Every structure is written in C-alpha cells, then in structure tokens.
Amino acid sequence: MTTTHYPELAERVRSQAILQPHMYGDVDLSATPYRFTTDLDVRSSLPRGVDDRAGLLADEKVVELMHAATMLGDVVADPYAALVDDHGMKGLIRMLSTACREGVEAVPDAPEELRRFIASMEVVPDWLDMDLVEEGARHSRVSAALFAPFIIRGAFLATFINTYAALPMALTGALSDKRAARRVIETSSFFAVTTLPGALDRFGVGFETTAHVRLMHSVVRYNALKRSAKWDQQVYGVPVPQVDQMPAGMIPIYILATAAVRQGRTEWTARERAIHEFVRYRCFLMGLPEDLLPADPEGIVRVFHARAATLRHDFDDATCGELVRSTLAAYLRPGRTPYDRVADRVELAWSKTFFTQAFGRGSGTMGVDLGRLDRALVAATAPFVLGRYVLVTRACSGRFHAPFDAYTLRVLRKRLATYGVDEAMTEAHGSMA
C-alpha cells in the first residue's frame with residue numbers, strides 16, 4: 001500500500017525488519033494480510049448500528065493508518081523480548097522490574113534493548129498534562145472499583161469475537177479454565193492498578209505494570225513469529241498488532257466519544273477531558289502510536305470504526321469458541337466460600353449480559369446464552385450495582401468529592417486484593433488520595 005499521509009508511521013513499520021531481523025526478517029511488512037479488507041462485498045467486523053462502511057473505506061487517510069497499524073508491533077519492546085532465549089522470561093522480568101523501580105542504571109550490565117525500551121516510555125509527549133492525568137485517573141477509579149469488577153469477563157470476551165485478532169491468545173495456550181481465569185484477572189488487575197494515585201508517574205506502579213504488559217505482548221509476538229507453525233503471516237500479518245491493542249486500551253473514551261457524537265458535541269466536558277488525558281497517556285505508555293490516539297470525540301469514533309471496517313469478519317469455533325467457553329467456565333474468586341461462589345455467579349451473569357448487549361444481538365451471541373438465573377441475578381443486584389456506581393460517579397464529580405474518592409480507593413484496593421495484587425504495592429501510592 002502506498003504511504004503518503006503517515007510517513008513516520010510507515011518508517012516505523014519498515015524499521016522493524018532492520019531493528020529485529022531475526023524476528024521480522026521473513027515478514028513482508030509492505031504486504032496486505034488476508035485479515036485486512038477494503039472490499040465492500042466482504043463482511044467486516046463493524047458493530048451493529050454502524051452503517052457507514054463505504055464512507056470509512058473511501059477515506060484514504062484513515063485506511064492507510066489502519067493498514068500501517070495492522071503491520072506494526074512494538075519497535076522497542078520486541079527487541080527486548082527477543083532476548084528471552086539468552087536471559088529467560090524470569091530474567092527479562094527481573095531486569096525490567098528493577099529498571100522501572102530504581103532506574104535502568106540499577107540493572108547490572110543492562111542490555112541496550114532494555115535501555116531503549118525504558119527511554120521510550122520516559123518520553124514526555126507535547127500534549128501531556130500530568131495534573132489532568134491524575135484527575136482522569138480519579139474519575140476512572142470509580143468504574144474500576146464499582147462497575148468493572150461485575151463485567152470483567154464480559155469485556156474480556158470481546159477480544160475473542162474475531163479469529164484474526166484472537167489467534168495470538170489461543171497460541172499462548174489460554175484455552176483451559178485455569179489459564180483463562182489467570183488471563184482475565186491479570187488484565188483486570190492491570191487496568192485497575194493504573195488508576196491508583198500517582199500510578200502513571202515515572203516510578204509509579206502503573207508505569208511498571210504497563211511495561212510488563214508490553215513485554216508480555218512482545219513475547220507472544222516473538223513466539224508466534226518464530227516458534228508457531230500455526231501463524232500464517234499472509235493471513236494474519238503481525239501478531240498482536242497495534243491496531244488490535246487500540247480497542248482494549250481506548251474503550252473507556254470510545255464509549256464517552258460515542259455519547260458525545262450522538263449528542264452533537266465536538267468537544268469534551270471537563271470530566272471527559274480528564275478521562276481522555278488519562279487513557280490517552282496510558283495508551284502512549286503501552287506503545288500505541290500517537291496517530292491512533294485522536295484528541296477529539298469524532299476522531300476517536302472514526303479510528304475505532306475504521307479498524308472494524310477493515311478487519312475481515314470471522315468466528316472460528318476452534319479458536320474463538322473455545323476461548324469463549326473456557327472464559328465462561330473459569331472461576332475468578334480467590335476462595336470457595338459461599339460468598340465467593342455467589343459473587344462469582346453474579347459476576348458471570350453481569351458479564352454475559354454486558355457482552356451480549358454490547359457486542360452481540362442478545363442471548364445466544366457466539367454461544368453466550370442468558371438463562372433465567374442470569375436475568376434474575378442481574379435484576380436483583382442492579383439497584384445496588386448501578387445505583388452505587390451512578391451515585392459515586394456524580395459525587396466524585398462534585399465539589400465535595402474527597403470522602404467519596406477515599407471510599408472508592410478503599411473499595412478498589414479490596415478488589416485488587418481479591419485479584420492477588422500485593423497490598424504493599426497499592427498502599428505505596430495512597431498518600432495522594
């Protein structure tokens with residue numbers, strides 16, 4: 001594909017073969033993989049209710065952006081992940097943790113790949129306002145503490161609705177109930193931890209967890225390209241490309257942007273602006289190129305829909321179906337007490353409801369069935385779950401938000417404890433609450 005609108009991004013894509021020939025040397029980074037389509041006669045992954053695919057595909061600039069992002073991995077984390085054969089996974093994690101907590105100079109004989117990785121995360125974007133990031137984290141904590149825990153499985157299921165995007169997860173072996181539970185909990189912990197006060201500061205816990213997430217994605221990418229016979233580059237392109245990481249990272253502000261566009265607004269409210277800054281910076285730390293991080297509501301909606309409009313639809317039961325079933329069967333609570341069992345079943349009911357309504361067409365979507373018990377549990381708990389969430393959201397946006405912020409932080413730490421996150425890690429950032 002000819003590149004004219006995003007020369008720097010195109011150069012970043014091409015540089016992968018130069019920076020990491022062992023990993024990308026055999027990949028044709030200028031090719032168009034089968035998963036990427038601009039054919040109007042081919043079904044795409046656009047969600048229901050979005051009918052402007054022709055208009056999106058006629059936008060040469062946004063199509064070029066999606067193509068480049070489909071072939072882009074992580075130009076700084078991938079070279080570090082490729083050292084796994086020399087240092088082992090534990091060695092890479094240990095060095096990365098030390099570099100995040102104490103600085104890269106504290107790592108004996110730190111590899112140059114690690115230095116470049118950390119240095120890229122230390123870059124301060126021109127648009128960054130850390131005070132606004134902190135405010136956005138404060139608002140985002142409400143959802144992380146009071147609503148997200150009830151739909152964590154449903155949100156995770158959304159990553160399995162397309163074969164081309166889901167295959168890297170299948171290649172990790174995450175098809176068993178225990179592995180699925182661990183993946184859900186790790187992902188939920190990451191997003192929750194990043195909302196803690198000061199978490200995204202240079203030596204904050206969110207900075208470190210983000211670096212570890214990038215390493216994990218790069219190791220999956222490395223293993224898929226170098227060790228998996230199932231990975232067909234002509235079909236799938238680059239494993240875990242940036243275009244697939246965008247939806248997971250940007251979903252909070254996509255929801256806000258969609259509401260704004262429906263209301264005819266082109267600007268954020270003060271609360272939305274803060275959440276946008278927080279989410280945008282978190283995505284920047286995750287390695288997403290700034291071209292995928294628009295500043296306005298319309299731009300965000302457009303890149304989201306363009307990604308779906310160019311992603312060929314496919315739902316392979318052997319891949320997607322198994323991931324869905326294993327996630328539904330996973331047990332997410334830390335114990336087996338009656339309370340834990342009830343809490344797990346309530347979360348499952350909420351997650352199934354959220355998934356089928358947000359990403360499907362009701363019960364039966366991709367094998368996710370809503371039974372009478374699911375509906376009864378959601379109906380019985382909705383006044384508490386939604387009522388508390390709405391009340392605290394409004395209170396945290398008001399003038400006397402301090403006690404509600406403190407309450408939200410206490411609940412969030414308890415949530416993180418159930419996910420197995422070390423209490424000392426979460427308490428280390430409590431002084432800013």
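The values are calculated or read from the model by the stated rules, or taken from the named source; none is laboratory data. Just so it is clear, the structure is predicted and the values come from calculations on it, not from any experiment. Cβ atoms come from the backbone with ideal geometry, glycine included; neighbour counts cover every protein chain shown. Heavy atoms of the whole protein, side chains included, go into the accessibility calculation; ligands, DNA and RNA do not. Shrake-Rupley method; radii C 1.70, N 1.55, O 1.52, S 1.80 Å.
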- Query: Given a Förster radius of 45 Å and the C-beta distance between HIS22 and ASP51 as r, what FRET efficiency does 1/(1 + (r/R0)^6) yield to the nearest 0.05?
  - Reply: 0.50
- Task: Provide the descending list of Cα extents for the range 1-60 along its principal axes, expressed in whole angstroms.
- Result: 42, 22, 16
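Could you order the peptides 293-299, 182-188 from most to least packed, using the average number of other C-beta atoms within 10 Å per residue? Before the final figure, lay out the partial values.
Values: 293-299: 17.3, 182-188: 18.9.
Highest to lowest by the protection proxy: 182-188, 293-299.
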- Dipole of the range 1-116 (Lys/Arg Cβ +1, Asp/Glu Cβ -1, origin at the Cα centre): which of THR4, ALA82, SER97 lies farthest to the positive side? SER97
- Task: Sum up the lysine pairs in the chain that clear both bars: alpha-carbon distance under 27 Å and a spacing of 8 or more or different chains.
- Result: 8
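What FRET efficiency, computed as 1/(1 + (r/R0)^6) with R0 = 41 Å and r the Cβ-Cβ distance, is obtained for PHE400 and VAL342, rounded to the nearest 0.05? Numbers along the way, then the final one.
Details: r = 34 Å, r/R0 = 0.84.
The calculated FRET efficiency here is 0.75.
Let me spell out the model: positive unit charges on the Cβ of Lys and Arg, negative unit charges on the Cβ of Asp and Glu, origin at the Cα centre of the chain. What dipole size does that give, in debye rounded to 20? Before the final figure, lay out each step's value.
Values: 50 positive and 52 negative charges, 404 e Å.
In total the dipole reaches around 1940 debye.
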- Message: I want to check the label-to-label distance for ARG227 and VAL124. Put each point 7 Å from Cα in the C-beta direction and report it in nm to one decimal.
- Response: 4.0 nm
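Once you have the alpha carbon radius of gyration of the range 255-403, what is it after dividing by 2.2 N^0.38 Å, with N set to its residue count?
1.29
Quote the relative contact order of the range 160-265 in percent (integer), defining contacts as alpha-carbon pairs under 8 Å separated by 6+ residues.
Values: 48 pairs, mean separation 23.3, N = 106.
Relative CO of the range 160-265 lands at 22 percent.
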- Query: Which of LEU288, THR337, ILE275 sits closest to the plus end of the dipole of the range 254-338, meaning its Cα is farthest towards the positive end, when Lys and Arg get +1 and Asp and Glu get -1 on the C-beta?
  - Reply: THR337
- By how many nm would the segment from ARG202 to ASP316 grow when fully extended, if each residue of separation counts as 0.36 nm and the alpha-carbon distance is taken off? 36.9 nm
- Note on the structure: One computes Rg over Rh for the chain from alpha-carbon atoms, with the Kirkwood Rh, and obtains 0.94
- Task: For the chain, with all protein chains present and a 1.4 Å probe, just round the carbon and sulfur fraction of the accessible area to a whole percent.
- Result: 55 percent
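For the chain, what is the calculated [θ] at 222 nm in deg cm²/dmol (nearest 500), taking -39500 (n - 2.57) for each run of four or more DSSP H residues and dividing by its residue count?
Working: 21 runs with 270 residues, N = 433.
That comes out to -19500 deg cm²/dmol.
What's the magnitude of the charge dipole for the range 1-97 around its Cα centre, counting Lys and Arg as +1 and Asp and Glu as -1 at the beta-carbon? Answer in Debye, nearest 20.
340 debye
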- Tell me, what is the per residue accessible area of the chain in Å², probe radius 1.4 Å? 45 Å²
- Item | FRET efficiency estimate (nearest 0.05) - Cβ-Cβ, ALA58 to PHE384, R0 35 angstrom | 0.15
- Please get the size of the charge dipole for the range 221-370, origin at its Cα centre, with Cβ charges of +1 on Lys and Arg and -1 on Asp and Glu, quoted in debye to the nearest 20. 300 debye
